[in-house]
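Input: a single structure, listed below in structure tokens.
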Amino acid sequence: MPPLTEQRRKELVKVVKHEGENAKVAIRNLRRDANHQVKELLKAKTISEDDDRRAEEVIQKLTDRYVVEVDKMVAEKEKEVLTV
């Protein structure tokens with residue numbers, strides 16, 4: 001199997017970045033769904049407004065944490081692919 005060319009490495013980096021972006025979109029969609037469920041609970045008077053705010057903060061923190069994790073993985077994989 002021949003070694004990768006520079007051009008092929010750059011194409012692979014584009015694929016990695018695209019997949020990373022897809023992962024972040026999926027994370028944001030999960031955040032939207034979770035926030036929607038919390039709002040439904042608030043409408044049904046199952047939880048208080050304070051619980052609603054706390055839940056939204058927790059959801060946002062989790063979202064931020066996993067988006068950063070995806071960014072780290074993409075950066076590592078990009079470095080790995082570009083290493084000759």
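The values are calculated or read from the model by the stated rules, or taken from the named source; none is laboratory data. If you're wondering where the values come from, they're calculated on a predicted model, not measured in any experiment. We place every Cβ from the backbone using ideal geometry, glycine too, and count neighbours over all the protein chains shown. Side chains included, ligands, DNA and RNA excluded: accessible areas come from the protein's heavy atoms. Shrake-Rupley method; radii C 1.70, N 1.55, O 1.52, S 1.80 Å.
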So with the 1.4 Å probe, I'd like the accessible area per residue for the chain, rounded to whole Å².
81 Å²
What spacing in nm lies between the two simple spin-label points modelled at Glu19 and Val58, each 7 Å away from Cα in the Cβ direction?
3.2 nm
Give the lysines whose C-alpha is closer than 26 Å to that of Lys77, dropping any in the same chain fewer than 8 places away, or say none.
Lys10, Lys14, Lys17, Lys24, Lys61
So how far apart, in nm, are the two label points at Leu4 and Val81 if each is 7 Å from Cα heading toward Cβ?
0.6 nm
If amide H atoms are built 1.01 Å from N in the plane of the peptide, which residues on other chains or at least 5 residues away come under 5 Å of the amide H of Ile47?
Leu42
Looking at [x] 39, 34, 23; [y] 63, 16, 15; [z] 59, 19, 18, which value of Cα extents along the principal axes in Å comes from a calculation on the structure shown?
[y]
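Under unit Cβ charges (Lys, Arg +1; Asp, Glu -1), what dipole magnitude, rounded to 20 debye, does the chain have relative to its Cα centre?
220 debye
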Out of Leu4, Val70, Leu41 - ranked by how far each Cα lies towards the positive end of the dipole of the chain, with unit charges on the beta-carbon of charged residues - the top one is Leu4
Integer Hz, Karplus 6.51/-1.76/1.60 couplings in order for region 40-52, x for Gly and Pro
5, 5, 5, 4, 7, 6, 7, 10, 8, 5, 5, 5, 4
